[in-house]
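The values are calculated or read from the model by the stated rules, or taken from the named source; none is laboratory data. Small disclaimer: the values here were computed from a predicted structure and weren't measured. All Cβ positions, even for glycine, are placed from backbone atoms using ideal geometry, and neighbour counts span all protein chains on display.
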Amino acid sequence: MKNILVTGGAGYIGSHAVAELLDSGYSVVVIDSLENGFMQLVDKRAKFYHGNVQDADMMDKIDAVMHFAGYIKVPESVVEPNKYYLNNTYTVMCLLESMKKNNIKNIVFSSTAAVYGDVKEPEPVDENHSKDPINPYGMSKLMSERII
């Protein structure tokens, strides 16, 4: 694997992943709408596309995807749930279709602890813990996990 697509590469987590990938010798393509990201966070060594993965046209040259793009504001998700389902969940469906079409088999998906809901137990929560999101943001991420 040499060419990695990083969605949301102009955000906090995505920009750090991009820097690590580049420092490790990978070729990186960043796609970000800049709705919540910042152009100054995009490493100059990466190829940048302004847009959404639903518009992505560069998948034929990609070996793997790291998906960090998405809306993350819980209170907003309660007021505008469809915005979160369309952006967070439907976009994953589009991304997976594009990956399938281009025979890309590897994806890293950045989810959230919000998929677990209101956890009461004092023990650490791992990936096998029951999932019961209490807001549309958490549900949109859980739906994406299940689709993947």
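Here are the numbers for this structure:
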read-out: Matching option when the condition is modelled with pLDDT of 95 or more, charged (D, E, K, R) and on the phi < 0 side of the Ramachandran plot, among GLU127, GLU123, GLU145; value: GLU145
read-out: Sole residue being on the phi < 0 side of the Ramachandran plot, modelled with pLDDT of 95 or more and in contact with a Leu (Cβ under 6 Å, 6 or more places away or on another chain), chosen from ALA46, ALA10; value: ALA10
read-out: ILE134 vs. criteria more than 23 Å from ASN36 (Cα to Cα) and either buried (at least 20 other Cβ atoms within 10 Å of the Cβ) or in contact with a helix residue (DSSP H, G or I) (Cβ under 6 Å, 6 or more places away or on another chain) (or both); value: no
read-out: Selection status of VAL6, under 12 Å from the mean Cα position of the chain (by Cα) and within 14 Å of ILE104 (Cβ to Cβ); value: yes
read-out: Residue pairs meeting the criteria (Cβ under 7 Å; at least 6 apart or on separate chains; first without any contact (Cβ under 8 Å) to a residue 24 or more places away in the chain, in the range 122-148; second surrounded by fewer than 15 Cβ atoms within 10 Å (Cβ to Cβ) and in a helix (DSSP H, G or I)); value: none
